[in-house]
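Reviewing the structure listed below.
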Amino acid sequence: MAVQLGALAPLGDIGGSPDVVRDFAQGVEALGYDFLEAPDHVLGVNVASRPDWEAGRNTSADLFHDPFVLFGFLTGITPKLGFSTGVLILPQRQTALVAKQAACLDVLCKGRFRLGIGVGWNEAEFVALNENFRNRGRRSEEQVEVMQALWAQDHVVFNGRYHTIEDAGINPRPARGRVPVWYGGHHEKTLPRIAKWGDGWMPNAYPPDKSALEIFAELRRLTEAEGRNPADVGIEVWTSCGSGTPADWAREAKFWKEAGATHLCLTTTFNRRHHRRIAGTSVDAHIAAMKAWRAAVADAVL
């Protein structure tokens, strides 16, 4: 089976004007990519008041469009392109509202949307959004249960630890009665959550080596223990092309396919761990990098 190929939107480089966003997304679609992925941050901190802020972490200088607004803008002008959040920070948002937004987007793009979620790391965002940073992981488990109920049922009655719904529902609901939920992150509790509730995992910490094979095997083991088929749980691996040769990119892509990855997301700006960003910052530079990378890996994964 062919691996789906996607690209992470490099808005921090290219900007977020309507014309730039349109041209970039249409360029991604024209190159034959399957999906466009967008990261998420509601707020960025002022580093002038935080001299110990970790280098490489986002700040108020970094541009992030709200993913639901971004994809809503793009769905009518890129009719073949899929969309994924990579990742939406779920526990800093109201659960029913996310379920509603995801359902509306899924309806408008005719089922081309995956909801990638994470628990976040930036406490300042949680404080500003009046959400609890300390229980975000536990709360996110119930959030997924609530969303899946709202997508599947006309009316929901739910009395949980963090949520109460008194016989109410969202409209529209996704045509399939669900929106695929993919988890980001590498916390020890992430894999059990995916095994129980997830449609996929979006790791970016593992290089193409034994460590990745071992953690993928663990996910499959946990999924089977939950009575689910591991083949129903996808794996999206982030990859980069800021270093190495086309032959290197092809070998890496082949490794991921043989390891069981179902999706590869090219990140042209991510510059952490084993990933390296490209040198250029223009739309043309990013499109050229994506064209070269796709040509290099196509025979290995398509």
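Points worth noting:
- Helix-derived mean residue ellipticity, 222 nm - over the chain, DSSP H n ≥ 4, -39500 (n - 2.57), to 500: -12000 deg cm²/dmol
- Angle of helix 18-30 to the longest C-alpha principal axis of the chain, folded into 0 to 90 degrees and rounded to 10: 70°.
- For the range 147-253, the C-alpha radius of gyration divided by 2.2 N^0.38 Å, with N the number of residues, is 1.38.
- Pairwise FRET efficiency - Ala298 versus Lys189, Cβ, R0 = 35 Å, nearest 0.05: 0.45
- Against the main long axis of the alpha-carbon atoms of the chain, helix 210-225 sits at an angle near 30°.
- Extension gain for the segment Asp23 to Asn171, taken as residue separation times 0.36 nm less the Cα-Cα distance, is 50.1 nm to one decimal.
- In the chain, the longest principal axis of the Cα atoms and the axis of helix 136-152 are about 80 degrees apart.
- Annotated for the chain: lysine pairs at least 8 residues apart or interchain, Cα distance under 17 Å, count 4.
- Cα pair distances exceeding 26 angstrom across the range 4-301, given as percent: 45
Read-outs: derived from the displayed coordinates by stated rules, not from any lab. Keep in mind it's a predicted model, so treat the numbers as computed, not measured. Note that each Cβ is placed from the backbone with ideal geometry, even for glycine, and that neighbours are counted across all protein chains shown.
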